[in-house]
Amino acid sequence: MSAPMDSTRGLFFRAKSGDLEARERLWEKLRARLCRYAHGRLPQRLRSLVETDDVVQEALAQTFRRIDLFDPKHSGAFGVALHVTMKRCLIDQHRRADRRPAADETATSLVAEGPSPMEQAIEKEKLERVFSARSQLREEDQALLHARLDLELGFSDVALLFGKPSPDAARVAFERAVKRLVAKMVP
């Protein structure tokens, strides 16, 4: 598992072994990527109260607290774990936004908007089923889904990342991974 010392992978292994400088450099490198990912995904109502960078910092802190326990099975595994943590932090922010009234609202002016608690529970259950099914897939399928759905990479980038001969081959591989995901979700 050799990796260039300044690559994300190299920094990860150095950070995991206790190298504080590598940990700081990895933190900064990942923080910038996650800020780009999280930008605009924070609920509008919370943007005046919570900075995107704060949510990113929380996701990184949660991930880095467990970095020594993480054993990557493929080159994208740490990124997948980090994005799952980031998504969970964003989901928590959405929940906070749903519970917090706007500054100009009073208790008598509040009208229930959005999904009911039952609908929220159903959506949460669906999301948990997706995460559970996704974790049961082969590592390459998980990484393909992560690249397309979480990182929003185009098929030409996915082809390069996974050594596929063309964007069409990457698309076919992704579609097969989606079919396997759906099959895992069917009771």
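The values are calculated or read from the model by the stated rules, or taken from the named source; none is laboratory data. Treat the numbers as computed from the prediction; the structure is a model and nothing was measured. Neighbour counts are summed over all protein chains in view; Cβ atoms, including those assigned to glycine, are modelled from backbone coordinates with ideal geometry. Heads up: the accessible areas ignore ligands, DNA and RNA and are worked out on the full protein's heavy atoms, side chains in. Shrake-Rupley method; radii C 1.70, N 1.55, O 1.52, S 1.80 Å.
Scanning region 172-187 for residues that are open to solvent by 70 Å² or more (accessible area, probe 1.4 Å) and small (Gly, Ala, Ser) yields nothing. Looking only at region 45-82, residues that are surrounded by 13 or more Cβ atoms within 10 Å (Cβ to Cβ), at pLDDT below 80 and under 16 Å from residue 26 (Cα atoms) come to 9 in all. Is there a residue in region 15-32 that is closer than 25 Å to residue 145 by Cα, surrounded by 13 or more Cβ atoms within 10 Å (Cβ to Cβ) and modelled with pLDDT under 80? No, because not a single residue in region 15-32 is closer than 25 Å to residue 145 by Cα, surrounded by 13 or more Cβ atoms within 10 Å (Cβ to Cβ) and modelled with pLDDT under 80.
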